[in-house]
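These notes are about the structure you will find just below.
The values are calculated or read from the model by the stated rules, or taken from the named source; none is laboratory data. Worth saying up front: this structure is predicted, and the values here are computed from it rather than measured. In this analysis, Cβ positions are derived from the backbone assuming ideal geometry, glycine residues included, and neighbour counts consider all displayed protein chains. Quick note on the areas: whole protein, heavy atoms, side chains included, nothing else; ligands and nucleic acids left out. Shrake-Rupley method; radii C 1.70, N 1.55, O 1.52, S 1.80 Å.
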Amino acid sequence: MRRFVLTRIVQSVVTLLVLSLMVFLLARATGDPLSLVLPLGATQEDYENARHYLGLDLPLSVQYVKFIANAVRGDFGISLRVRRPVVDLLWERFPNSLALAAVSMALSLALAFPLGVLAAVHRDRALDRAAKIVATLGQALPTFWLGIVLIEVVAGRLQWLPAGGTGDLSHYVMPAFTLAWFVLAGIMRLLRSSLLEVLDSDFVRTARAKGVPEAGVVWRHALRNALIPVVTFAGVYFAILVTTAIVVETVFAWPGMGRLAYEAITARDFPVIQAVVLVTALVVVVANFTVDLLYVYLDPRIRYG
Amino acid sequence: MKRHLSRAAWLLLLSLAVVTPVAAQPAGELTVALSSLSTETLDPVLGGHIGKFYLSLMFDYLVGVTPTGQLSRDGGIAWRWEASPDSTRWTFHLRKGVKFHNGDELTSEDVKFSITRAMGKRSTTGYAGTLRQLVKDIETPAPDRVVIVTKEPTVIIPSYLSRVLSTEGMILPKKYLESKGDDVLVRAPVGSGPYRFAEQVSGSHIKVEAVPAPHWRVGVPRFKTVTFKIVPEETTRIAMLRRGEADIVEVSRDRMREVQQAGFTIHVRKEDAHIDGWWIQPWDQTPLRDKRVREALNLALDRREIAATIFGGMAEPASVPFGLSWAFPDIKFKITPDLVYAFDPNRAKKLLADAGYGNGFTTDIYAFQLPGLSEGKTLAEAIAGYWQKIGVQARLVPVDYPAFRKAWFDRSAPGALGYYNVANRDWIGTYAIVEKYTHPSNKSASMRDPEIDAMVEAVLHQTDRERVNALIRNILVRLRTEHLGLPVVYLHTPYAASKKAAKWNPGTVMYELNLDELVSTKP
Amino acid sequence: MTGPMRRLPVGPALVIVLFVLVAIFADVLSPDDPYEQHLRARFTPPAWLAGGSWQHPLGTDRLGRDLLSRIIYGTRVSLAAGVVTVAVSALAGAGIGLLAGYHRGRVGGVLMRATDATLAFPIILLALVLAVTMGPRFLNVVIAIAVILWARYARVIYGEVVSLMERDFITMARAMGCSALRIIAVHLFPNTAHTLIVLVSLQIGYVIIVEAALSFLGAGIPPPTPAWGSMVAEGREFVTSAWWVSFFPGVAILLVVLAFNLFGDWLRDVLDPKLRQL
């Protein structure tokens, strides 16, 4: 087991290194940030000056090594656009992303449970189908469209909830709901199928044979066991939420990591692009790692070596 | 002496006027929600002029302006300025007793430091280059006097250091920067304006708070805080206005009426921007080298239809490349009927045939959105549609603006059309932008016309205002008669406001919103 | 007909068939030229509303183009984007997954690190960077989305192969000296095909949704090409003044994505009930 953990850590580091090189090169392929930093009438000399001040005149390999060496120490350089240390920007944004993802995840689970149980208990009947459709709708609607309609109706017309920005819990409701609905289908499906599997298993049959009422079987015995895979995948979904909230963040003026990355890409702000991708990737890698560990733990048939 | 006395009396009066409403304290907050705060940089010299509207609450300019862009002795640190007879020495007399937010007194040393820094190597301001070219020395004979010595006679110095143009004229605290380091402003900006920095969350907002004492520019600031929020999506901004989360929001021309019907005031910056199209250099190998082709492409556009439909009637047809109308009164220029482009596809086709392109040709149009021009892609598509009708096959190249800008500067797509909503501006601003688009040493040059180059060069060294005016008039006429661009429309920019800002004139200074009027309690 | 077959989701299947037919016969079905603009007639409402006419049954968009025709042609574009993207990524991903699962040593390690790195890359960001870099054209958008999706196939197929490799029939095949290619082609691939089919059916809808999100961010299939995603993205600015511009293409997306997802769901139940996390 220890050997497995060690190899996975090494592999994760390698993964992140591969990714850092990918993003380093990709960012530079998107174009020249200087034409945005400098005013229209800038001369060739102005360009060379700026390139020098921003450290963009060094050979690519030197820039990359510097980037990695500094990143390891938690220094991601200075944003070319805002001109503040990238780490400061991350500190401003990451907690917002994390908080939104956490609330969305909680909301999604809260919705997935009743739907999943309903679907499993009424397998292949109208309620099952209805639950599936409700859950799948969240994936079939473009999130930005759903968000905009929500804002127009709930904030603009009814004026019940804030339209955008961060703040107290009321600010979370609409963006979290939009995100939660998007991942709902996956979680609900997972819950339904694992519940079905458990309901079919020996110990549930035993419980039934012992005369435990059906509701008790579902809620007390089966659900507890069906939860395990859901919890396992919650990590993955959590990571998806953190990284793909970009559209929702834009619609709800939510200053999170996705928006930060988007701003950075449109401004060709290399240091920020690199930092955001690395940090979000770290979240995903850690989540995957945890899932793999749980896998081994749950399913002894799988051997890693 | 007599002059001084009267000034003292005037000051006394003014201070009395300020003293009376002292009982009134800054109260409440003003929230401005915009689609973008451009760079969000808090250092005037690193950010550039697009951030002027939020910076100018925190910083004072050397030379102030009226809401309509005339240089003003009331709005800047300099309350008087004069030139030597040969126009090479410009003396600015500074207001006394002005303090920075950290308590330091503002003196001529700060002015010298600020201008020098704006001309320095790290500076990315719009007009640092011109100042570098002109300024020989800055002298500080007294704490309240600055003399700017130029290499050659010129009349543009006060304008270039004023609030009409970029940020070079913003006065920064020398001691603060020297003790805390040159990078301190981006984290903790300190100026001398009526509001001081409170908080920034990148991608979210910039918040400033009223200074404790009455300020010479606005008296006791009306609002305790002013917050500039970034809200990219329009539906969100409008909902925020309706819920009272924002007081001033940027609205599109399409949804302006809907917001008005909901009971909000619409303030319009009339002819706020001029949409100019231009072709990426060098186009001597493309059909565009023929003047008739350029004219045909202009005649193919139905500008009235564009203004009435795409811009929902919030635009007027334009006809002179870089014909920035806020400059017209300054230089006594009028768009005469013969300068107006007719919508004449038949003549366009004939011109194309005469030029040997009877069967048309293919060309590229870059299609992108811009802050303040959410209709960008629609416009590009519409232009392609009009050109189609005279036989010119236009292919859309949908990218973001930075990608277009790269192609433009690298000259990698000769003959392709790009466009910009050029902020309207006064004569000096017009001159400055034309220089950027024409001067052969600039990456941004989009035309090559020696005659214009000669006139542009002549303006800098001309000290007679009438002759300067004549030169700029001639430049505009030449741009139009040679069809050196694709002027499209003048664009009005609407802002929707809550009751807090029901009375407000957003002014006619580029990249400004004249928030001074809203926060001012001066009679 | 066995149990699961009886439960064939008729509705979703019909929707899919219908839209495929629309895509094929777009030229015949479309009442108008989807590219022809009539600025004076922009935002004409649907026929049944005041101001509408049967000339434009679903109304017109911001350039006065016939919305119905654009949706009909958009079916072709959006379905093509979905199918091509998924096909490309399934082929690449399955190939890599099979190879990595078979050669679990160094080759597999390298391949799976690359897969993990791709999976760790924020999905939309990668597509955004690629679209910005290469310019948003149909093919580039397809490539950008495929570049992300292949990794999912690779990881799932890899997992399948890893557990298959432990099975007796593979061990025996290897013991009997079968070549690697033969084992992969004859034994491994057919045993993972059902997984592949399920994934493909589930992801066509996903691609259409991702394309819409990219359009919203300015990096989707660009105008004037009618693609549902970009039509909804453009129309969102007019949700209050001209709701139909984004509503009808939105409904088209909704129907198709829902149909593909429900259909894929059923396929999974039939073919591969174990594959539940996707």
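General observations
- Other residues lying with their Cβ under 15 Å from the Cβ of A:A29 contribute a combined charge of -1, Lys and Arg counting +1, Asp and Glu -1.
- In terms of the mean number of neighbouring beta-carbon atoms within 10 Å, the peptides B:121-131, B:172-182 order highest first as B:121-131, B:172-182.
- Within chain B, percent of DSSP bridges classed antiparallel, to nearest 5: 75
- For peptide B:226-233, the mean count of partner chain Cβ atoms within 10 Å of a residue's Cβ comes to 5.
- Stokes-Einstein D (µm²/s) once Rh is taken as the Kirkwood radius of the protein assembly as shown over alpha-carbon pairs, at 20 °C in 1.002 mPa s: 67
- Note on segment C:1-137: percent of Cα-Cα distances in each 5 Å bin, starting at 0 and stopping at the bin with the largest distance, equals 2, 8, 10, 12, 12, 12, 13, 10, 9, 6, 4, 2, 1, 0.
- With Cα atoms as the point set, the radius of gyration and Dmax of segment B:111-196 evaluate to 13.2, 39 Å.
- Computed packing ranks the peptides C:45-58, C:77-90 as C:77-90, C:45-58, most packed first, by mean other Cβ atoms within 10 Å.
- Helix-only mean residue ellipticity at 222 nm for chain B, each DSSP H run of n ≥ 4 adding -39500 (n - 2.57), per residue, nearest 500: -9500 deg cm²/dmol
- For segment C:196-219 and segment B:262-311, distance of Cα centres in Å: 36
- The Rg/Rh ratio of chain B, with both radii computed over alpha carbons and Rh defined as the Kirkwood radius, is 0.98.
- Heavy-atom accessible area with a 1.4 Å probe sorts B:L484, A:L118, largest first, into A:L118, B:L484.
- Prolate/oblate/rounded call for chain A, Cα gyration tensor, a/c under 1.5 rounded: oblate
- Of B:L352, C:L8, the residue with the largest accessible area leads and the full order is C:L8, B:L352 (1.4 Å probe).
- Annotation: peptides C:198-210, A:62-74, ranked by per-residue average of other Cβ atoms within 10 Å with the highest first, follow the order C:198-210, A:62-74.
- With every protein chain in place, the protein assembly as shown: carbon and sulfur % of accessible area (1.4 Å): 61
- In Å, descending, principal axis extents of the Cα set of segment A:144-213: 56, 21, 20
- On Cα atoms only, tilt of A:170-199 relative to the major axis of chain A in degrees: 40
- Mean Cα-pair separation over length for chain B, i.e. relative contact order, pairs under 8 Å, 6 or more apart, %: 21
- Segment A:2-72: C-alpha gyration tensor shape, a/c 1.5 cut-off, then a/b vs b/c: prolate
- The label-point distance for B:E451 and B:N474, in a model that sets each label 7 Å from Cα toward Cβ, rounds to 1.0 nm.
- A simple count of charges around B:P494, restricted to other residues whose Cβ falls under 11 Å of its Cβ and scoring Lys, Arg +1 and Asp, Glu -1, yields +2.
- 13 Å beta-carbon shell around B:R163, net charge (K/R +1, D/E -1): -2
- Degrees between helix B:376-389 axis and first principal axis of chain B (Cα, 0 to 90, nearest 10): 20
- For segment A:251-282 and segment A:122-147, distance of Cα centres in Å: 31
- Cα-based shape type of segment C:58-276, given that a ≥ b ≥ c are square roots of the gyration tensor eigenvalues and the cut on a/c is 1.5: prolate
- For residues of A:26-38, the mean tally of beta carbons on other chains within 10 Å: 6
- In degrees, nearest ten, helix B:450-460 long axis to first principal axis of chain B (Cα): 10
- Per-residue shielding of A:149-158, expressed as the average number of other chain Cβ atoms within 10 Å of the residue Cβ, stands at 5.
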